[in-house]
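See structure below.
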Amino acid sequence: MKKAKRQIKYLVVLGIVFDKNKRILLTKRHDPKHPLWHNKWQSPGGTVEFGEKAEQALIREVKEETGVKIKILTNRPIIENNIWKIDNKEIQVTILAYPVLYLSGNLQTTDNETSEVKWFSYQEIDFSKCLPKTKATIDQARKLYL
């Protein structure tokens, strides 16, 4: 008999964080257990906890990963749905990516899954060193909100 695959679902929020100079804030992921994701640049964010509103989760996750306060620019996020097969598990990740504006705070992280936080001009981002779909999501946010 064939062993059944485990199916796991996550709801994730990301902040496409812009400052007044249109720079973009990215975090470097620290995840040695997953070499495909380890040391890759990404937009700050994380999982929505049970009972938490997506916007609350976004504000919390961005603060934990970057040390900054943000203002959400829209209640209509960019939505992506991904299915990955990892370790005999099917993982469905629905991503709500919100364009947000930097309000205040110094770059720092209290999150053990983030090794670095940095501002980039769009031209400075090496998308080959980012998680998949980072460029597409940033491009959509730039087109809609800048």
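The values are calculated or read from the model by the stated rules, or taken from the named source; none is laboratory data. All values derive from a computational prediction rather than experimental measurement. In this analysis, Cβ positions are derived from the backbone assuming ideal geometry, glycine residues included, and neighbour counts consider all displayed protein chains.
Overview of results
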item: Members of the range 103-135 found to be of a type outside the set (Lys, Arg), in a helix (DSSP H, G or I) and free of Cβ contacts under 8 Å to residues at least 40 places away in the same chain, listed by number; result: 123, 124, 127, 128
item: Of all residues in the range 29-42 being hydrophobic (A, V, I, L, M, F, W, C) and over 23 Å from residue 105 (Cα atoms), the one that is surrounded by the fewest Cβ atoms within 10 Å (Cβ to Cβ); result: 36
item: Which numbered condition residue 74 misses (of (1) closer than 17 Å to residue 145 by Cβ; (2) surrounded by 13 or more Cβ atoms within 10 Å (Cβ to Cβ); (3) of a type in the set (Ser, Thr, Tyr)); result: (2)
item: Filter result (loosely packed, with under 13 Cβ neighbours inside 10 Å and at pLDDT below 90) within the range 3-28; result: 3, 4, 5, 6, 7, 8, 9
item: Subset of the range 44-102 [among the polar types (S, T, N, Q), farther than 19 Å from residue 139 by Cα and assigned to a strand (DSSP E or B)]; result: 47, 92
item: Within the range 31-43, considering residues that are part of a loop (DSSP other than H, G, I, E, B) and hydrophobic (A, V, I, L, M, F, W, C), the one nearest to residue 68 (Cα to Cα); result: 37
